[in-house]
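Structure, as structure tokens:
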Amino acid sequence: MAMEVTQILLNAQAVDGALRKQAEENLKQFQEQNLPSFLYSLAGELANDEKPAESRKLAGLILKNALDAKEQHRKIELVQRWLSLDPTLKAQIKALLLRTLSSPSVDARSTVSQVIAKVAGIELPHKQWPELIGSLLSNVHQLPAPTRQATLETLGYICEEVSPDVVDQDHVNKILTAVVQGMNSTEENNDVRLAAVRALYNALGFAQANFSNDMERDYIMRIVCETTLSPDVKIRRAAFECLVAISSTYYEKLAPYIQDIFNITAKAVKEDEEQVALQAIEFWSSICDEEIDILEEYGGDFSADSDIPCFYFIKQALSFLVPMLLETLLKQDEDQDQDEGAWNIAMAGGTCLGLVARTVGDDIVPLVMPFIQENISKPDWRQREAATYAFGSILEGPSPEKLEPLVTMALNFMLTALMKDPSNHVKDTTAWTLGRMFEFLHGTALDTPIITPANCQQIVTVLIQSMKDVPNVAEKACGALYFLAQGYEDAGSASSPLTPYFQDIVQALLTVTHREDAVESRLRTAAYEALNEVVRCSNDETAPMVVQLAPLIMLELHNTLENQKVSSDERQNELQGLLCGCLQVIIQKLGSSEPTKYHFMQYADQIMALFLKVFASRSATAHEEAMLAIGALAYATGPDFAKYMTEFYKYLEMGLQNFEDYQVCAITVGVVGDVCRALEEKILPYCDGIMTQLLKDLSSNQLHRSVKPPIFSCFGDIALAIGENFEKYLLYAMPMLQSAAELSAHTSGADDDMTEYTNSLRNGILEAYSGIFQGFKGSPKTQLLMPYAPHVLQFLDSLYMEKDMDDVVTKTAIGVLGDLADTLGSSAGPLIQQSVSSKDFLKECLSSDDHLIKESAEWAKLAISRAISF
Amino acid sequence: MAPHDLRRPFKRPLISDQEKRRQQSLLRQAQNRRDAQNHARFLASTALSLEQPHELEPEPVSAPELHDELIPDSEAPESPKELDVVEASKLKGAEARKWFAKQLMHPEWMIDIPENLSQDWFVFARPSGKRCFVVSCNGTTISRLRNGSILHRFPSELPNGARRKDSSGPAQSYSILDCIFHEVDQTYYVIDMVCWRGYSLYDCAAEFRFFWLNSKLAETGACEPPSHYHKYRFSLVPVYCCDQSGLCAAYTGSVPYVKDGLLFYNKHAHYQTGITPLALVWKDENCSQYVMDTDSKGQVPNHQQVVLELQEGGKLCTSDDPPVVFGCLDGGFMHESELHSGCLVRFAIGEGGLVLVDGKLEKADLNYLGKANRARASADSFSKVMFQYSVRHSPLRIDDLLGSVNSAADESNKVCDIEMDG
């Protein structure tokens, strides 16, 4: 068999399709018929230096894929499968793998180090293969360089693969020692040094204890800093990558080294190759990220506590850091604005400058203004662009009081530059800067508006003109218009200075979407986004124009659906998504007030027909957008939505079955809620199908967990709509709710993400209970719910005891207490009086500062006093 | 083991309008779900029937209320049969009048003393003035008289009672108070709370309603003196447990308003629209200017007058459900006087008086006076006729009331705080 394997593996890479297919089939059969032998053969192939490089490489790859997969449920299957194999066989395979690390073939070594890490990823958490780390490190110093390199790479992969708590500290110490020694300048082989630096990058997460030890930390930091001076550019870059990782993982340990690091990074930014300089800048961006987070937790109130104190590294380094960053802004690439993936030192420098502004606020302004004044009018476009970029970068962070005079002064200059500057680079950055001005310094909440009825016309005229410019500039102009409109979103129905230009703006944006080059620089997307925002901020005066916009967008959608019959491509689907998105915004806007809704409803039939056609396309994005739009339409239409149900139902069901694009599934679940509220009891004929699908979704381990809480809430929506008809689903829904409730009652030991998820799950469960109780209220069948009451009350009590509910859950939970009392009345009186929730929990909620919690609590109190007074 | 891609989308911030659309949809759905829940929680139990069996006039034709009755609403179009308060608050004009006319709880007149008066009843001095229903919702406050016509439309500090930016909670949640508008000090005296911030209190016991009224009204600032956003002051009425000291306090205690009798509310009774024996009114000359009915000129007639409804077969009935029959007219007389079934007819009670056997009316000496005023909407109730009769013959005196609470129980002789710890 082993002889055959080589040939099959080679055939599987053959040019001849038939031969390849045959070989793949053979491999599949072999695996299915005898897995242990299959895996052993592959390991043998990989370990055998006599075999061709190609077959060994593929053997390693198949082996790797037999141990791990991307999809969570598949991954779990593979792990179980490996764990259940015969230990003797596994020992043999592992011995072959370790042997391969010394192979003369570089491919074999690099492949096997990944395979070893995958096996370790399965076995170490199960306390198996305890000798692995020891045997890797036993004689690392005496090994030939290639084996040393492969060993270090393997350690790096292992650290990436397993979580720190499954490797004991003794092994961590050994790994770090080996790795740091490998980085040391006494190591003469550059490949080994590079492997060591990269291994350290992955091992940093394991080094908590070592970073708490001053001597060990000093040693690691010294070696990392020294390594940034290596003559090899790859090693220097990798060393800076380690510094970036350390800046976020060990921010609080950096104080003694920050001066040295500043010197090192400043030198790299000034002199080193771009790939190294970018990492050096990233170090400071990362420090900004940390300090912004910490300061946000302080919440401006320095007495508040954060787990990590702020060391104000950015503030201290400010006067050196800012000039260094400003210098980088002059190193633009010629074509950076056309290339969407562009990333260079000027962009990184500006990004970091923006983060610094957010970290220190007002202090940055006097350090940047001289640079702007110096360069903004220079003949060289680089200087003008750099000055504009610097200005745009610091608009978020400093106080409006500090910025408003500057922005008011600069506004005219920017508008002129956007029209007249000969350089596209400068115009691009100018339009972007205008967008930032509107984003951060314009809005109904600000005291002194920078935009007044007096300058509004000029702004709109310039932006509309600029939309005819080259695509990248036009795209930024659309973005600026987006933020200009957004500033009026909270103005309500009051007239805004934008009102007189509404029609012109809409017309200009529609023209942009029809530009032949609109697909470049995501111009078309930006135009529709701006259009959406303009619609959102429309008011009573401009509403009639939004009503007129609806048929235009519908026609566009109709045209793409017609074109699709001829040819279908990605762009077509993207456009359909944008158009459905735009219609959704229009529906939501017009549906929110009675008079406009009345005018809009004339289009409802046609619009629904178009959405149904969109479902024929295969694009998940278009589906999602159409589904969201239908939800908005159902809400606007109300009970009349029933007439669309026969046709729409199959797509609703399809959406609920879409496990792969779980966003589509989640959105469909939300739309079921919309439809329930629109149709009320008329949803009943569809409920069997919907409930079946929802119950299937809940039992599936393939569906992304984030969809489960909304499914529970959806139970509540259905129950509220169909009332006592929910009876037949109680038998299925209640046990599911009950077991989910038991699982979610306790969060002990969970991380923040898990706690957040648990709370959203609790909220979903509680909303289900709420809907079910309210749905049955006043029905002769309320007593069917009595058997579930003790559990619901227990759940509430245990949530209260656990003390980790967020405000939303608290509000929903206390509401459920009221719903239970309201529906079950006096028969639940004694049960309610026994529960802690009806006393301490209710009391706490009644004195809550949160308006919504208090409101729910007062309702619950009322319902309970009714229930127990009879 | 590749470090992360360090490109940051700074100059190209992806606005991600799609994400925004998704978030806004979720927000809308959450809001709609909340609305649906609130609707279910507060309103289902508030559904009030438009088809109340009878329109009643249980109170005396007292001077300040005379003009209430001058607005006939016979032109009101047919209203839907079942409406809840929120839907009703959208009604306009005549329909609204018709609906609101039926929403007040009306006390019977006290013709004998209920058992357990001191245990199960509250007592308070009824302010003299116009009985009305005050609804605050969507930034305005509207008071309506018993017949549904609007008394005032004004801004107030009641929840959502004025257009103000800082109001919390949904603007459409409504509050309904049962009040008496007291002309002299231009104050609404609140005698009951029917809905508060959208919570229905219809099916709550009086004990709870008074507790809620006491604890909630003051929170709003509605009891403050008038201001720009608050045109009329609202005021609470001191409510006592009906023991000896409570009864004395209600009867003799000084209050800022002119008294018009005493009201007795059963602690356990719900707010029941229409006439109810679980709320009672009692008067004597010390606590009311209007003990005896007056005629249209404000004079007390020599003989007691009653208004009865002429029904099939010439039967003369009170407005009660079931009606009490006072006598019968013969067909010839009806024809002669152009009377037909449904007419309201006014009689004087003659020397023969009213003869009761075991609390049941045996015989009534009625003298025909003529058709009742067109503005009258309905006949007198039995308890009203009997109370007026007893006032002229053997009135129920305060000492009788005091005697009954004294004998029943003297353990509790303090004004008790109406407090519940639900």
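The values are calculated or read from the model by the stated rules, or taken from the named source; none is laboratory data. All figures in this text were calculated on a predicted structure; none of them were measured in a lab. A quick note on method: Cβ atoms are made from the backbone with ideal geometry, for glycine too, and the neighbour counts reach across all protein chains shown.
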Scanning the range A:330-357 residue by residue, those closer than 23 Å to A:E291 by Cα, away from chain B (no Cβ under 11 Å) and in contact (Cβ under 8 Å) with a residue 60 or more places away in the chain turn out to be A:I345, A:V356
Given the structure, is A:T359 part of a helix (DSSP H, G or I), in the same structural domain as A:F313 (by the TED database), in contact with a Cys (Cβ under 6 Å, 6 or more places away or on another chain) and farther than 25 Å from A:Q465 by Cα?
yes
Those residues of the range A:185-216 that are under 18 Å from A:I264 (Cα atoms) and touching a helix residue (DSSP H, G or I) at 6+ places or on another chain (Cβ under 6 Å) come to a total of 1
By my count, helices (runs of 4 or more DSSP H) wholly in the range A:712-824 with at least 1 residues that are in contact with a helix residue (DSSP H, G or I) (Cβ under 9 Å, 6 or more places away or on another chain), within 14 Å of chain B (Cβ to nearest Cβ) and of a type in the set (F, W, Y) are A:752-776
| Filter result for B:C242 (assigned by the TED database to the domain that holds B:P127 and in contact (Cβ under 8 Å) with a residue 24 or more places away in the chain) | yes
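Quick one: is B:Q272 surrounded by 15 or more Cβ atoms within 10 Å (Cβ to Cβ) and either more than 22 Å from B:S404 (Cα to Cα) or assigned by the TED database to the domain that holds B:F208 (or both)?
no
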Do we find that A:S706 is of a type in the set (S, T, N, Q) and either within 14 Å of chain B (Cβ to nearest Cβ) or buried (at least 21 other Cβ atoms within 10 Å of the Cβ) (or both) in this structure? yes
Per the filter on the range A:533-562, residues within 14 Å of another protein chain (Cβ to nearest Cβ) and of a type in the set (D, E) are A:E533
Note: among B:S341, B:S319, just one is in a loop (DSSP other than H, G, I, E, B) and crowded, with 16+ Cβ neighbours inside 10 Å, namely B:S319
When restricted to A:L194, A:L204, the only residue under 29 Å from the mean Cα position of the chain (by Cα) and either of a type in the set (K, R) or crowded, with 16+ Cβ neighbours inside 10 Å (or both) is A:L204
Taking the range A:253-274 and keeping only residues that are closer than 21 Å to A:D289 by Cβ and either surrounded by 14 or more Cβ atoms within 10 Å (Cβ to Cβ) or touching a strand residue (DSSP E or B) at 6+ places or on another chain (Cβ under 8 Å) (or both), one is left with A:K253, A:L254, A:Y257, A:I258, A:I261, A:F262, A:I264, A:T265, A:A266, A:A268, A:V269
Picked from the range B:358-375 (must be in contact with a Lys or Arg (Cβ under 9 Å, 6 or more places away or on another chain) and in contact (Cβ under 8 Å) with a residue 60 or more places away in the chain), the residue nearest to B:L308 (Cα to Cα) is B:A372
For helices (runs of 4 or more DSSP H) lying entirely in the range A:233-330, having 3 or more residues that are under 27 Å from the mean Cα position of the chain (by Cα) picks out A:233-249, A:274-298
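Inspect all residues belonging to the range A:563-584 and state whether any of them is away from every other protein chain (no Cβ under 14 Å), out of contact with any Asp or Glu (no Cβ under 7 Å at 6 or more places or on another chain), in a helix (DSSP H, G or I) and farther than 26 Å from A:R522 by Cβ.
Yes, some residue in the range A:563-584 is away from every other protein chain (no Cβ under 14 Å), out of contact with any Asp or Glu (no Cβ under 7 Å at 6 or more places or on another chain), in a helix (DSSP H, G or I) and farther than 26 Å from A:R522 by Cβ.
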With the first residue restricted to the range B:222-234 and required to be in contact (Cβ under 8 Å) with a residue 60 or more places away in the chain and more than 12 Å from B:Q186 (Cα to Cα), and the second required to be assigned to a loop (DSSP other than H, G, I, E, B) and among the acidic types (D, E), Cβ contacts under 8 Å at 6 or more apart or on different chains are B:A222/B:E157; B:E224/B:E157; B:Y229/B:E157; B:H230/B:E157; B:H230/B:E224
_Residues that are assigned to a loop (DSSP other than H, G, I, E, B) and hydrophobic (A, V, I, L, M, F, W, C): does the range A:402-411 have at least one?_
no
The lone condition A:Q657 fails out of (1) among the polar types (S, T, N, Q); (2) more than 22 Å from the chain's Cα centre (by Cα); (3) buried (at least 17 other Cβ atoms within 10 Å of the Cβ); (4) away from every other protein chain (no Cβ under 14 Å) is (3)
- Among the residues of the range A:603-623, is there at least one that is without any contact (Cβ under 8 Å) to a residue 40 or more places away in the chain, basic (K, R) and surrounded by fewer than 15 Cβ atoms within 10 Å (Cβ to Cβ)? no
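One line per residue, one yes/no per condition, for (1) in a loop (DSSP other than H, G, I, E, B); (2) buried (at least 19 other Cβ atoms within 10 Å of the Cβ):
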{"position": "A:I76", "(1), (2)": "no, no"}
{"position": "A:L85", "(1), (2)": "yes, no"}
{"position": "A:K90", "(1), (2)": "no, yes"}
{"position": "A:Q114", "(1), (2)": "no, yes"}
{"position": "A:Q149", "(1), (2)": "no, yes"}
{"position": "A:G156", "(1), (2)": "no, yes"}
{"position": "A:L176", "(1), (2)": "no, yes"}
